[in-house]
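Engineer: Provided herewith is a single structure, encoded as structure tokens, for subsequent inquiry.
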Amino acid sequence: MKMNKFALAASVLAVAMLSACSTSNPDVIQRNEAQRMSQVQDATLLSVRAVTVDGSQSGVGAVAGGVVGAVAGSNVGGRTEGQIAGVLVGLAGAAVGNAIERNVTKEEAVEMLVQLRNGERRAIVQAKGSEVLTPGEAVILVTTGGKTRVMRAPPVSSVNKS
């Protein structure tokens, strides 16, 4: 029975950690952004530098780690010892779970400085995507629901008007 409690708690931790993950990857579009019209602006990429987006600390990792630790610790010794161990190991599990969540949700990203056609400059941070952009390139800024991503500008084609 003790092993089943631990396995269940470990499963809860794994599911909670995975559900807490999100990404700012420009190649991943969130479901609520589909079929929405976005604002598109032309720009020139001025610079790109690697940055790290710090991981989140939503509390999910701490709660899941605390549950796993408490269940595991409560199985130590007799009733009183198990209760004390459950609390202590639960606290340690919460700290470990929080650290795991922060590490798992950390992202390697890029900070891009762009210049719009009107001369204004903007800085955008996004997770590394499949495109490798270089300074001097024509890019577009696609803004949907307050979030902006930078992409290589498609070639401009002339439209025939009849």
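Engineer: So which pairs qualify, if the first residue must be in region 138-162 and modelled with pLDDT under 90, the second must be of a type in the set (G, A, S), the Cβ gap must be under 7 Å, and the two must be at least 6 apart or on different chains?
Structural biologist: Pairs found: T144/S38.
Engineer: Working carefully through the options S130, S157, find the one that is closer than 30 Å to Q39 by Cα, more than 19 Å from the chain's Cα centre (by Cα) and surrounded by fewer than 18 Cβ atoms within 10 Å (Cβ to Cβ).
Structural biologist: Working: S130 fails: more than 19 Å from the chain's Cα centre (by Cα).
Criteria check complete, one pass: S157.
Engineer: Among the residues of region 138-154, write down those that are more than 18 Å from V53 (Cα to Cα), surrounded by 17 or more Cβ atoms within 10 Å (Cβ to Cβ) and in contact with a Leu (Cβ under 7 Å, 6 or more places away or on another chain).
Structural biologist: Matches in region 138-154: V139 only.
Engineer: So, in region 120-137, exactly how many residues are part of a strand (DSSP E or B) and either in contact with a Gly (Cβ under 7 Å, 6 or more places away or on another chain) or more than 19 Å from A50 (Cβ to Cβ) (or both)?
Structural biologist: Taking region 120-137 first, the residues part of a strand (DSSP E or B) are 121-127.
Next, only the ones that are either in contact with a Gly (Cβ under 7 Å, 6 or more places away or on another chain) or more than 19 Å from A50 (Cβ to Cβ) (or both) stay: 121.
Count: 1.
Engineer: If you don't mind, there's one more thing I want to ask. Is there a residue in region 116-124 that is under 14 Å from S47 (Cα atoms), of a type in the set (A, V, I, L, M), in the same structural domain as V40 (by TED's automatic domain parsing) and surrounded by fewer than 16 Cβ atoms within 10 Å (Cβ to Cβ)?
Structural biologist: Kept after step one, since they are under 14 Å from S47 (Cα atoms), are these residues of region 116-124: 116, 121-124.
If we keep only those that are of a type in the set (A, V, I, L, M) too, we end up with 116, 123-124.
Narrowing the set further to residues that are in the same structural domain as V40 (by TED's automatic domain parsing) leaves 116, 123-124.
Applying the additional criterion that residues be surrounded by fewer than 16 Cβ atoms within 10 Å (Cβ to Cβ) yields 116, 123.
Taking every residue of region 116-124 in turn, at least one turns out to be under 14 Å from S47 (Cα atoms), of a type in the set (A, V, I, L, M), in the same structural domain as V40 (by TED's automatic domain parsing) and surrounded by fewer than 16 Cβ atoms within 10 Å (Cβ to Cβ).
The values are calculated or read from the model by the stated rules, or taken from the named source; none is laboratory data. Since we're looking at a predicted model, the values are computed, not measured. All Cβ positions, even for glycine, are placed from backbone atoms using ideal geometry, and neighbour counts span all protein chains on display.
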